[in-house]
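Each remark here refers to the structure printed beneath this line.
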Amino acid sequence: MTEQSSEYELRSLMCAGLDGDADAHHRLLVDLSHRLRGYFRSRLLQFHRGPTEAEDLVQEVLLAVHTRRDTYDRSQPFTPWLYAIARYKLLDYLRRTKVSFRDIPADDAEHLIAQNDVDGVESAYDLDYLLATLQPKARRAIRYMKLQGLSVRETAAKTGMSESAVKVSVHRGLKALSALVKKGNKP
């Protein structure tokens, strides 16, 4: 199965599950458990950890996918969202167990950090997390104006808000996001 067809299948299962198809949701979780098991086993070997720890992390990610499924944006690819969660769970585990990158050879540490599932995904996941903390009006206005590059007028037309309300929502939303970032809140 190619990476693209795999993405399409996983995204389809996720969307069907979000629409209430319990069988699709179950198939998604079963498929993800196989993928995640390999993901964690290969990374944990570098820290001399075994399948038990990998299985614990698989279960943590599956639980997060299930409980946070409402945060998934259907217009976005599914696998980056999934692997962002997996990466956070792995890093949290490494912090909790006080594993240090000094415990592994430098070449292996670079391999752990420099995975293609990390680069743009972390910032996209952080942005989605932060935007989810905003009121819906502010979130929509910021997405249209700051992320999609629409004008105030275009944003007002799409949201049904006045131009003044759009400006105020964007200003207040950005101020709230700035405060969250300064506090260091992360998923």
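Any residue in the range 12-27 that is within 14 Å of F78 (Cβ to Cβ) sitting within a Cβ distance under 8 Å of a residue that is polar (S, T, N, Q)? List the pairs, counting only those 6 or more apart or interchain.
Final answer for the pair search is A24/S12.
Would it be correct to say that G38 is within 26 Å of R140 (Cα to Cα) and either out of contact with any Ser or Thr (no Cβ under 8 Å at 6 or more places or on another chain) or in a helix (DSSP H, G or I) (or both)?
When the stated conditions are applied, G38 does not pass them.
If only one of A157, A179 is assigned to a helix (DSSP H, G or I), outside the structural domain of Y83 (by TED's automatic domain parsing) and exposed (fewer than 13 other Cβ atoms within 10 Å of the Cβ), which one is it?
Step by step, each of A157, A179 is checked, and only A179 is assigned to a helix (DSSP H, G or I), outside the structural domain of Y83 (by TED's automatic domain parsing) and exposed (fewer than 13 other Cβ atoms within 10 Å of the Cβ).
Condition check: closer than 23 Å to D70 by Cα, assigned by TED's automatic domain parsing to the domain that holds L94 and over 18 Å from the mean Cα position of the chain (by Cα). Does H34 satisfy that?
Yes: the conditions hold for H34.
Would you say R69 is at pLDDT below 90 and surrounded by 15 or more Cβ atoms within 10 Å (Cβ to Cβ)?
The answer is no for R69.
The values are calculated or read from the model by the stated rules, or taken from the named source; none is laboratory data. All values reported here derive from a predicted model rather than from experimental measurement. Please note: Cβ atoms are built from the backbone with ideal geometry, for glycine as well, and neighbour counts cover all protein chains shown.
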